[in-house]
Amino acid sequence: MRPRNLLRALVIAWTFARFGLDDLALSGLKQHRRARWLRSLIRFGRSFEQPRGERLRLALERLGPIFVKFGQVLSTRRDLVPPDIADELAKLQDRVPPFPADESRRLVEKALRAPVEQHFERFDPEPVASASIAQVHFARLRDGREVAVKVLRPGMLDVIDDDLALLRWLAGWVERLSADGRRLKPREVVAEFDMYLHDELDLVREAANAAQLRRNMSGLDLVLVPEMIWSLCTPQVIVMERMQGLPISQVERLREAGVDIAKLARDGVTIFFTQVFRDGFFHADMHPGNILVSTAPETFQRYIALDFGIVGTLSEFDKEYLAQNFIAFFRRDYKRVAELHVESGWVPKNTRVDALEAAVRTVCEPHFDRPLKDISLGQVLMRLFQTSRRFNVEIQPQLVLLQKTLLNVEGLGRQLDPELDLWRTAKPFLERWMDEQIGARAFMKVVQKEAPRFAPFIPELPRLLHDALKSQAQRQPDAQMQALVDEMRRTNRLLASVLWALAGFALGALAMHLLTRLGG
């Protein structure tokens, strides 16, 4: 380990000790006598009144932006992390002090290979937002368009790689020391975090995500996505249309502006389910800090989506699985929920459906003692994942990301309208989507989708049909001749067998005759 990494490791160890995370790690080794003795030793003179999740959150905040990001990612893995820790980690705020304006200007000029004045009529030195990966400045292009400029923090790659190396080392120790640690798969989580962070360091990827969402949402008239200025987009800097609106968390200001809050809550659910079940491509970071509401007359009351570093994708198989699960859940058809788990291949084929059905019923039935408007689809999905772990379910990462986003959407919707009935809003959409997957409409959609692939062959069909019939006619006599030859061969074999049998009989009779004469 390099001296710089060793010093960082000591800082991490001291922080862990200060917040009692060493005690938390050893608590999973109660069955080992030496571990119990060591835990008693390190607890001497210390008391931990705060819950374990809160202590972990405070430690990660103290360790800096990369560990905050790690905690945020870990909070989405509710299939691995206990609920109390996941809930606390979800409170982590990705806010850090901005880097100097001169440095930001230098980075923009380096990325765009030109002085700021060449592209911008105005560039605001003070950032409007600052996070661990990047910060945002407002500016005006030379043609008068108002834009937002997102700038990657300097030196991020080296910092991330150093901290990731330490996280891998810590994950290895956790797996070696604790059976609970091995169940949490810390090295797999760190690998996922590694991929997530390196993806987020490429701002062009974020710009591409925004462009895809903008295309998908263009006909819905419920949400606005900023347009990317592609000529000014690089992996370190992206420039996009500036969006203006009120933060969705400022409910009173929205009411004063004349926004229908109940409709706004329903529209949020419609946007989410449209992205998930129609497009299979959804904004996966829909917390209030990333959402504004337009108050401009031409786009009044539309959502404004920001920050596209995290998106989720679903296959057709995933979408059908989820829709059927939701519908079966609200029909209390727990057997169908269990069958869907088996049919999906995410539990072993030899899983007893009745045992899984009983487990699913235990999770779901308590929810029906409450009004539908109080039922949390996200919580139900999360508990299904946790229960399914007993049956060796392989939870798909895209579904965990979906569950995290669904919890965000539910929380946001009920913050706007406590009476929001999420199921009443979502059920018609899900049933309509399921109806489109079967029957005549589904068949026509498949035909329309596949038509371009087969269109070049349509003019050739008459010739291909003629050639096939001609070839079959030519082959038919040959087939009849071959059948005749085969029949003749079978006849010859039969005749040969008869002749050999007669010859054997004649030789046997001759031998008996000779033996009789010699004996006489």
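The values are calculated or read from the model by the stated rules, or taken from the named source; none is laboratory data. Only a predicted model underlies this, so the values are computations on that prediction, with no experimental measurement involved. Cβ atoms come from the backbone with ideal geometry, glycine included; neighbour counts cover every protein chain shown. To get the accessible areas, we keep the full protein, side chains included, count just its heavy atoms, and leave off ligands, DNA and RNA. Shrake-Rupley method; radii C 1.70, N 1.55, O 1.52, S 1.80 Å.
Some points to look at:
- For the range 303-335, the candidate set comprises residues that are more than 30 Å from Gly289 (Cα to Cα) and polar (S, T, N, Q); within that set, the residue that is modelled with the highest pLDDT is Gln324.
- The numbered conditions (1) of a type in the set (Phe, Trp, Tyr); (2) at pLDDT below 70; (3) surrounded by 15 or more Cβ atoms within 10 Å (Cβ to Cβ) are all true for Phe429 except (2).
- Residue count for the range 315-331 under the criterion of being under 18 Å from the mean Cα position of the chain (by Cα), open to solvent by 20 Å² or more (accessible area, probe 1.4 Å) and hydrophobic (A, V, I, L, M, F, W, C): the result is 1.
- Criterion (out of contact with any helix residue (DSSP H, G or I) (no Cβ under 7 Å at 6 or more places or on another chain) and either at pLDDT 70 or above or within 24 Å of Phe193 (Cβ to Cβ) (or both)) met by exactly one of Gly411, Gly378: Gly411
- Residue satisfying condition, being touching a Leu at 6+ places or on another chain (Cβ under 7 Å), open to solvent by less than 70 Å² (accessible area, probe 1.4 Å) and of a type in the set (A, V, I, L, M, F, W, C), within set Leu164, Leu141, Leu152, Leu170: Leu152
- When restricted to residues that are open to solvent by less than 60 Å² (accessible area, probe 1.4 Å) and in contact with a Lys or Arg (Cβ under 7 Å, 6 or more places away or on another chain), the range 95-122 contains 4.
- As a summary of the residue check, Val189 satisfies the conditions (1) open to solvent by 50 Å² or more (accessible area, probe 1.4 Å); (2) within 24 Å of Met286 (Cα to Cα) except for the one numbered (1).
- Val68 being surrounded by 17 or more Cβ atoms within 10 Å (Cβ to Cβ) and more than 23 Å from the chain's Cα centre (by Cα): no
- Residue match in the range 336-343 (condition: part of a helix (DSSP H, G or I), touching an Asp or Glu at 6+ places or on another chain (Cβ under 6 Å) and open to solvent by less than 10 Å² (accessible area, probe 1.4 Å)): yes
- Within the range 87-137, considering residues that are part of a helix (DSSP H, G or I) and hydrophobic (A, V, I, L, M, F, W, C), the one nearest to Val159 (Cα to Cα): Leu107
- Helices (runs of 4 or more DSSP H) contained in the range 203-290 and holding at least 2 residues within 16 Å of Leu402 (Cβ to Cβ), open to solvent by 30 Å² or more (accessible area, probe 1.4 Å) and at pLDDT 95 or above: none
- Scoring Glu227 on the criteria (1) in contact (Cβ under 8 Å) with a residue 40 or more places away in the chain; (2) of a type outside the set (A, V, I, L, M); (3) closer than 22 Å to Asn216 by Cβ leaves a single failure, condition (1).
- Output for the range 108-147, where each listed residue is among the acidic types (Asp, Glu) and under 20 Å from Pro97 (Cβ atoms): Asp124, Glu126
- Of Phe44, Phe99, all but one fail to be modelled with pLDDT of 80 or more and among the aromatic types (Phe, Trp, Tyr); the exception is Phe99.
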